[in-house]
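The values are calculated or read from the model by the stated rules, or taken from the named source; none is laboratory data. Everything numeric in this text was worked out from a predicted model, so none of it was measured. Virtual Cβ from ideal backbone geometry, glycine too; neighbours counted across all protein chains shown.
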Amino acid sequence: MDSINWNNIAQQATSQTDNEFNQQLANLTNLKVSEVDALIKESKITNANAVKTLKLIDDATASNNEKAKALSNIENGIGFVISLVSKLV
């Protein structure tokens, strides 16, 4: 019986998840998937941190100052927001 390459399976799952995330973000923003890919790479943010950032921005209960402080604690969160806004404006 062949041994299972768990690293390969994990890498494929990560790639599939990244692609699905980028597709959904593209649909929400009217950006092309290739633009979302470039945005993620440009800001050097992980998808997990991008999700945290988007949830934070969407939080209606937090003030802008609270969001800014929390955003500064997310690795590459500020760069992601700046890149995203520059694409939308």
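Yes or no, residue by residue, for (1) among the aliphatic types (A, V, I, L, M); (2) outside any helix (DSSP H, G or I):
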| residue | (1), (2) |
| --- | --- |
| Thr14 | no, no |
| Asn22 | no, no |
| Leu31 | yes, yes |
| Ser34 | no, no |
| Val51 | yes, no |
| Leu54 | yes, no |
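Restricting attention to the stretch 56-78, which residues are part of a helix (DSSP H, G or I) and either surrounded by 16 or more Cβ atoms within 10 Å (Cβ to Cβ) or aliphatic (A, V, I, L, M) (or both)?
Once the filter is applied, which keeps residues that are part of a helix (DSSP H, G or I) and either surrounded by 16 or more Cβ atoms within 10 Å (Cβ to Cβ) or aliphatic (A, V, I, L, M) (or both), the stretch 56-78 yields Leu56, Ile57, Lys67, Ala68, Ala70, Leu71, Gly77, Ile78.
Within the set of pairs 6 or more residues apart or between chains, which connect a residue that is on the phi < 0 side of the Ramachandran plot inside the stretch 1-13 to a residue that is surrounded by 10 or more Cβ atoms within 10 Å (Cβ to Cβ) and among the hydrophobic types (A, V, I, L, M, F, W, C) with Cβ atoms less than 8 Å apart?
Pairs that qualify, where the first residue is on the phi < 0 side of the Ramachandran plot and the partner is surrounded by 10 or more Cβ atoms within 10 Å (Cβ to Cβ) and among the hydrophobic types (A, V, I, L, M, F, W, C): there are none.
Is it fair to say Val81 is farther than 20 Å from Glu20 by Cβ and modelled with pLDDT under 90?
no
Conditions (1) closer than 16 Å to Leu88 by Cα; (2) of a type in the set (Val, Ile, Thr); (3) within 14 Å of the chain's Cα centre (by Cα), marked per residue:
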residue	(1), (2), (3)
Glu20	no, no, yes
Ala26	yes, no, yes
Leu31	yes, no, yes
Ser34	yes, no, yes
Lys41	no, no, yes
Thr46	no, yes, yes
Ile57	yes, yes, yes
Asn65	no, no, no
Leu71	no, no, yes
